[in-house]
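A short worksheet on the structure shown next.
The values are calculated or read from the model by the stated rules, or taken from the named source; none is laboratory data. Predicted model only: the values in this text are computed from it and were never measured. Every residue, glycine among them, receives a Cβ derived from its backbone with ideal geometry; neighbour counts consider all protein chains shown.
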Amino acid sequence: MVEMMRGEQYRFEFIGGEPCLDFTNTVGGDRRVDPSEHLHGYADLVAWARQGELLSPAQGRALLLRAQREPAAATGALAAAVELRETLFEIFLALAEDRRPSPQHLAVLNRALADALPHRRVVQSGRGFSLGWDDTDDLRRMLWPVALSAVELLAGDHAAPVKLCGMRETTGCSWLFVDESRNGSRRWCSMKDCGNRAKARRHYRKVKRLD
Ligand SMILES: [Zn+2]
């Protein structure tokens with residue numbers, strides 16, 4: 001709270017393993033019961049993309065300036081971002097639960113992919129080249145790499161499974177991540193937070209003989 005009053009930026013976490021999952025994790029808490037929104041305005045979207053290194057500092061500043069000049073367009077971009085985020089959550093939750101994502105959700109992702117692809121560019125990086133993005137102040141530009149990462153996670157040859165934090169236990173957390181552990185045993189978004197709370201709960205039940 002003190003931090004917020006000083007105007008410091010919220011520090012997002014990047015534990016999902018892919019930008020598309022990190023983006024779904026901009027909602028904290030249990031989504032069904034008590035979701036906690038971290039994208040309140042367009043500036044939060046830019047802050048997330050900056051912290052996740054999807055934008056350079058200069059690109060971030062350019063977007064904030066444009067958002068000031070065009071507040072209605074910035075509000076539209078935030079709404080599009082939240083729609084994409086909720087869609088990605090539904091698609092990857094379905095995957096985590098071994099269900100098929102709905103055609104409506106895939107249609108939203110395909111629209112985001114169609115928005116992104118015309119901006120794909122080969123760019124110079126050092127002495128070589130890399131696949132990057134059109135350098136523009138398009139207010140939705142951070143959604144392009146998010147959409148592409150979702151498509152690659154769905155359609156690429158990525159073998160690691162997508163999981164929901166604490167799948168078989170109520171945790172108060174709805175974060176998604178790619179389980180890249182060798183034996184597929186990762187259960188928690190973070191051992192420090194959710195993992196530890198689950199351990200404490202198990203201990204409490206044992207002491208109280210609730211099991
Ligand atoms: Zn968690």
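Of the residues making up region 182-211, those that are among the hydroxyl-bearing types (Ser, Thr, Tyr), at pLDDT 80 or above and surrounded by 10 or more Cβ atoms within 10 Å (Cβ to Cβ) number 1.
Can you find a residue that is surrounded by fewer than 15 Cβ atoms within 10 Å (Cβ to Cβ) and assigned to a strand (DSSP E or B) anywhere in region 21-40? Yes, some residue in region 21-40 is surrounded by fewer than 15 Cβ atoms within 10 Å (Cβ to Cβ) and assigned to a strand (DSSP E or B). You will find that of Leu65, Leu113, Leu106, Leu117, the residue that is farther than 23 Å from Tyr42 by Cα and either surrounded by fewer than 18 Cβ atoms within 10 Å (Cβ to Cβ) or in contact with a His (Cβ under 7 Å, 6 or more places away or on another chain) (or both) is Leu106 and no other.
Among residues that are touching a strand residue (DSSP E or B) at 6+ places or on another chain (Cβ under 6 Å), more than 30 Å from Lys199 (Cβ to Cβ) and surrounded by fewer than 21 Cβ atoms within 10 Å (Cβ to Cβ), Gly128 is not included. For region 77-122, a residue qualifies if it is closer than 14 Å to Asp138 by Cα and either among the basic types (Lys, Arg) or touching a residue at least 40 places away in the same chain (Cβ under 8 Å) (or both), and the qualifying residues are Ala77, Ala80, Ala81, Arg120.
Just need a number here: residues in region 41-59 that are part of a helix (DSSP H, G or I) and crowded, with 18+ Cβ neighbours inside 10 Å.
Applying the first criterion (part of a helix (DSSP H, G or I)) to region 41-59 yields 42-51, 57-59.
If we keep only those that are crowded, with 18+ Cβ neighbours inside 10 Å as well, we get 42, 44-50, 59.
Selection size over region 41-59: 9.
Taking every residue in region 180-195 that is under 23 Å from Thr26 (Cα atoms) and pairing it with any residue that is more than 10 Å from the ligand (Cβ to nearest atom) and part of a loop (DSSP other than H, G, I, E, B), at least 6 positions away or on another chain, the pairs with Cβ-Cβ distances below 6 Å are Glu180/Ala160; Arg186/Asp179.
Being modelled with pLDDT under 95 and closer than 25 Å to Val151 by Cβ is a description that does not apply to Arg6. Of all the residues in region 165-194, those that are more than 9 Å from the ligand (Cβ to nearest atom) and hydrophobic (A, V, I, L, M, F, W, C) number 4.
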